[in-house]
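Note sheet for the following structure.
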Amino acid sequence: MTVRAVLGIRRWRHNPVCRRTDRHEAWVGLAALLLMLLVAPVFGWKVGSLTDDALRRTVRAQHEDRHPTAAVVVRVPSGTTSRFAQDPEAAVAEGSMRTSVVADWRAPDGTARTGTVSTAAARTAPGTPIRIWTDERGNAATRPMDTSTAHTHAALAGLGAALAAGGLTEIARRVVVWRMMQRRYARLDRAWAEAGPDWGRTGTGS
C-alpha cells in the first residue's frame, strides 16, 4: 500500500480527477517509506551499538569477578537433575542440559565451601573432581558470558529495534491515512446534505 501510494505521486500530479487528499496520502506514504528505509536501520544500528558496548562491559566485569575453581562432587541432590529447571537462561547461555550436584570447594581465603552447583561433566559420582565458577568471595557463580554471545545478543537487539521502528512507522502511516479518510467522508457527507434538498429538481420548473 505504501509503495503504491508513493508511485501515485507521479501518476496523480497532472491527473484532473486527482483529489488533494490523494496527493496528501501519497506524500505520507513517501515519508513513511523513507523513515523505514533510512531512519529505522540507523536506529537499529544505534541500539545494537549501545547494547554491544553495555554487554562488553558486562563481559569484562564478569571475567574479572569470576574464576574457574576445582571442586569435588559430594552427592547429587534428590529431585534435581537439570540446570534448566532451576535457571533456564543460564542453561541456554552455558550450553545444553547441566546436572546439579552438591560439591565441596575452597574460597580464595582457604575457607571450605559446600553448595549446589551445576556441571556439564559426564560423571557426577561422589568424589569426582569437577570445575565450577566462583566469584571473588568464593561463592558459586554461573559461567561468565563470552564475547561472541554478547555480540549475538547485541545484533538481535539492533535487529529487533529496527523492525520495531519500521512497524511503528507503518502503524503511524495507517492511522494518519485513516484520519484523512474520515475527514474526507465527513466533507462528502456535508456536501451531500447541502445538495440533498435540491436533488431531482433540475428541469422540473420548480
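Rule-based calculations on the coordinates, nothing more; no lab input. Treat the numbers as computed from the prediction; the structure is a model and nothing was measured. Every residue, glycine as well, gets a Cβ built from its backbone with ideal geometry; the counts of neighbours run over all protein chains shown.
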Practice item. Give, in nm to one decimal, the length gained when the segment between Ala31 and Ala155 is fully stretched (0.36 nm per residue of separation minus the Cα-Cα distance). Key: 42.0 nm
Review point. Given a Förster radius of 25 Å and the C-beta distance between Thr114 and His63 as r, what FRET efficiency does 1/(1 + (r/R0)^6) yield to the nearest 0.05?
Key: 0.50
Revision key, fill the gap. Going from the fewest other Cβ atoms within 10 Å to the most, one would list Asp65, Asp52 as Asp65, Asp52
Practice item. Could you rank the peptides 37-43, 122-128 by their average count of other C-beta atoms within 10 Å per residue, with the highest value first? Key: 37-43, 122-128
